[in-house]
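The values are calculated or read from the model by the stated rules, or taken from the named source; none is laboratory data. Everything numeric in this text was worked out from a predicted model, so none of it was measured. Virtual Cβ from ideal backbone geometry, glycine too; neighbours counted across all protein chains shown.
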């Protein structure tokens, strides 16, 4: 059954839609108050907040570019002031711009690293002091099967998502004795706007024959938050595309 999460504060980056939204709502249903980070779509973020409050939990939408140190600092200060100190962090914000190998220029590569990887480092660094003071925290990084097999977006995306796994391994090994767990969830072709807009993403690529659902990823996130013994792990939610032993 796991631990009682009532009253814990979570921050989910990129939570206005897709996997981030599903995780934010699932955490709320588990008793967590949730800060919904977004960068552009305020209306979608407000809808996510409404869904969370319908579960009887507090929620806050905050616009921030999580690759910017100043904006991350401001976001964490506001969340702490209005909801409380973040104990659960889901690094979900990301960008996926499909490119052929020859079309990946430096700007495209840098964008993927900044939005997908740099942001995870910045937000984690900002949230960690409170977790360490309280000797309790949960870090979840939303990576991708692309980190293992290359995927269908491009080398820029695969590299940024692989970097998240390395980041998690460091935190998992260094913080285990402080009551803080760190884990990666690695999905494959989950039915989101990002996947639907990629013509190379086809359900036939997945052994189970369909795209995953955001809610299936969210179930794993809640499990990891409730479990204090799983740390330093990559949980593959990929319909059999990348089987591991």
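Please tell me if residue 15 is touching a residue at least 24 places away in the same chain (Cβ under 8 Å), closer than 17 Å to residue 120 by Cα and touching a strand residue (DSSP E or B) at 6+ places or on another chain (Cβ under 6 Å).
Yes; evaluated as a whole, the condition is true for this residue.
The rows are residues; the columns are (1) over 19 Å from residue 137 (Cβ atoms); (2) part of a loop (DSSP other than H, G, I, E, B).
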{"residue": "4", "(1), (2)": "no, yes"}
{"residue": "10", "(1), (2)": "no, no"}
{"residue": "16", "(1), (2)": "yes, yes"}
{"residue": "21", "(1), (2)": "yes, no"}
{"residue": "26", "(1), (2)": "no, no"}
{"residue": "31", "(1), (2)": "no, yes"}
{"residue": "37", "(1), (2)": "no, no"}
{"residue": "40", "(1), (2)": "yes, yes"}
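Conditions first: (1) more than 24 Å from residue 228 (Cα to Cα); (2) in contact (Cβ under 8 Å) with a residue 40 or more places away in the chain; (3) out of contact with any strand residue (DSSP E or B) (no Cβ under 8 Å at 6 or more places or on another chain). Residue 30 passes all but one, so which condition is the exception?
Against the list (1) more than 24 Å from residue 228 (Cα to Cα); (2) in contact (Cβ under 8 Å) with a residue 40 or more places away in the chain; (3) out of contact with any strand residue (DSSP E or B) (no Cβ under 8 Å at 6 or more places or on another chain), residue 30 comes up short only on (1).
Looking for whichever is modelled with pLDDT under 70 and within 21 Å of residue 158 (Cβ to Cβ) here; the options are 190, 195. Which one fits?
Every option except 195 fails the conditions.
Only one of 90, 86, 123, 152 is in a helix (DSSP H, G or I) and surrounded by 17 or more Cβ atoms within 10 Å (Cβ to Cβ). Can you tell me which?
Step by step, each of 90, 86, 123, 152 is checked, and only 123 is in a helix (DSSP H, G or I) and surrounded by 17 or more Cβ atoms within 10 Å (Cβ to Cβ).
Look through segment 126-141, keep the residues that are in contact with a helix residue (DSSP H, G or I) (Cβ under 7 Å, 6 or more places away or on another chain) and more than 13 Å from residue 11 (Cα to Cα), and return whichever of them is surrounded by the most Cβ atoms within 10 Å (Cβ to Cβ).
So, considering only residues that are in contact with a helix residue (DSSP H, G or I) (Cβ under 7 Å, 6 or more places away or on another chain) and more than 13 Å from residue 11 (Cα to Cα), the one surrounded by the most Cβ atoms within 10 Å (Cβ to Cβ) is 132.
Output the residues belonging to segment 219-245 that are assigned to a loop (DSSP other than H, G, I, E, B) and in contact with a strand residue (DSSP E or B) (Cβ under 7 Å, 6 or more places away or on another chain).
228, 230, 231, 232, 233, 238, 239, 242, 244
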